[in-house]
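Any read-out appearing in this document is the output of simple, stated calculations on the displayed coordinates, not a laboratory observation. Computed from a predicted structure; not experimentally measured. Here the Cβ positions follow ideal geometry from the backbone for every residue, glycine too, while neighbour counts run over all protein chains shown.
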């Protein structure tokens, strides 16, 4: 539902977005690929450095992890 709303808002604002949802633990992060990465409640803290390296210069990483 949230992805649909985001897609619709981007269309209305004429903003080009490539959206996808997947398991970050299984994703093969490539260096400097993303302008924005959002990750919520994934237990693997080792993903943090992979996500930082996958962010483009000036990119944004939004990450919420639980304290365990």
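Extension gain residue 10-residue 27, at 0.36 nm per residue separation less the Cα-Cα distance, in nm?
3.7 nm
The value of relative contact order for region 2-64, using C-alpha pairs under 8 Å at least six residues apart, is 33 percent. Quick check: the angle from helix 2-12's long axis to the longest principal axis of the chain, C-alpha only, nearest 10 degrees? So the inclination is approximately 40 degrees.
In whole angstrom, region 5-65 maps to an equivalent ellipsoid with semi-axes of 22, 14, 10, each derived as √(5λ) from the alpha carbon gyration tensor and ordered largest first. Taking a point 7 Å from the Cα of residue 3 along the Cα-to-Cβ direction, the residues of region 19-38 with backbone N closer than 19 Å to it are 19-30, 34-38.
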